[in-house]
Amino acid sequence: MTAHPLELDHLVIAARTLEEGERFIAGKLGIEMTGGGAHPLMRTHNRLLNLWGGAYLEVIALDPDAAVIETPRPRLFALDDSAQRKRLEAGPQLVHWVVRVNRPKLLARWQAQYPERIPAVVPMTRGAYTWDLTVPVDGTFPAWQGAGDGLLPTLIQWDTPQHPSASLPETGIALKSLTGFHPRAHLISEQLAWLGASHLMQLEVTAGAPVLVAEFELPDGSIVTLGESAESIEATKQAEAAPVKPARKRSKSKKTEDATDAADAPENTVDPAQDETQQDDAR
């Protein structure tokens, strides 16, 4: 386990096109994205949105203007995967998260020590920014014993002294919580603990597909959620299907009932015992 706990670097929203992803975030969070650029090696491009606390939100998509590469490698974050592309037909999705490895720990040396735990390190560039990123050879998400599905983070180490969030406009948006749902959550938990990243995400077992769910707090105090688990979908369906219960009538107190009964009783009512006494006297 690393002696240097990792930090959240950014969350990844995948989209079919960058424009589609930008519209999605603007509609959800009410703020336009800025910054970003092209990743020549991966033939992708992105836009960014600053989050409180030194992290950011990234929308990433295939770059239609990317230069042709003779022997291209699979794009990162499973963007070449057919299942992922099918998923994105329904709209942009929160698919992944990236955590930062700070110096003096060296990401490349750490990966060389534990290649079975950490994917290969790939040097990346975007404009003036340079960094090392862990990317599986097939371009899919990191996994541990077959479990990953976007819930195990990609590791990043920046070479440039200034983090991208420092140059982005302030938004006042904060990540309130990050929760991962996975059928084999125990494996995800084991690897997060080994990485030193357990404090960054909550984990829940799900009967549905693996998914990330992020809650954001906006400047006005409202909460916006990206990502939906099978459990949250089912809870919403049940709430919508539940019949509206009629308002309960307030029950009367015993004292009130007795008073009402007394008021409703006929005035000429005679006690049976008193009636027998009157009959004896008449005899």
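Only protein heavy atoms count here; under a 1.4 Å probe, TYR114 has an accessible surface of about 80 Å².
Fully extending the segment from ASP81 to TRP52, taken as 0.36 nm per residue of separation minus the present Cα-Cα distance, adds 7.2 nm.
Among the GluC sites (Glu not before Pro) in region 125-225, those located in a DSSP loop and surrounded by at most 13 other Cβ atoms within 10 Å of their own Cβ are GLU170. For region 197-222, the residues whose backbone nitrogen is under 13 Å from a point 7 Å from the Cα of TYR114, taken along Cα to Cβ, are 197-198. Restrict the search to region 18-101; then list the chymotrypsin sites (Phe, Trp or Tyr not before Pro) that DSSP places in a loop and that have at most 16 other Cβ atoms within 10 Å of their Cβ. Passing sites in region 18-101 are TRP52. Compute the separation of the alpha-carbon centres of region 143-179 and region 1-75 and state it in Å as a whole number. Region 143-179 and region 1-75 have Cα centres spaced 10 Å from each other. Looking at region 1-105, the GluC sites (Glu not before Pro) that sit in a DSSP loop and have at most 10 other Cβ atoms within 10 Å of their own Cβ are GLU70, GLU89. Within the assembled protein chains, the solvent-accessible surface assigned to SER189 is about 60 Å², based on a 1.4 Å probe. Extension gain, GLU217 to THR130: 0.36 nm times the residue separation minus the Cα-Cα distance gives 28.3 nm.
Full extension of the chain between GLN238 and ALA209 yields a length gain of 8.5 nm, computed as 0.36 nm times the residue separation minus the alpha carbon distance.
The values are calculated or read from the model by the stated rules, or taken from the named source; none is laboratory data. Bear in mind the structure is a predicted one, so any value in this text is a computation, not a measurement. All Cβ positions, even for glycine, are placed from backbone atoms using ideal geometry, and neighbour counts span all protein chains on display. Heads up: the accessible areas ignore ligands, DNA and RNA and are worked out on the full protein's heavy atoms, side chains in. Shrake-Rupley method; radii C 1.70, N 1.55, O 1.52, S 1.80 Å.
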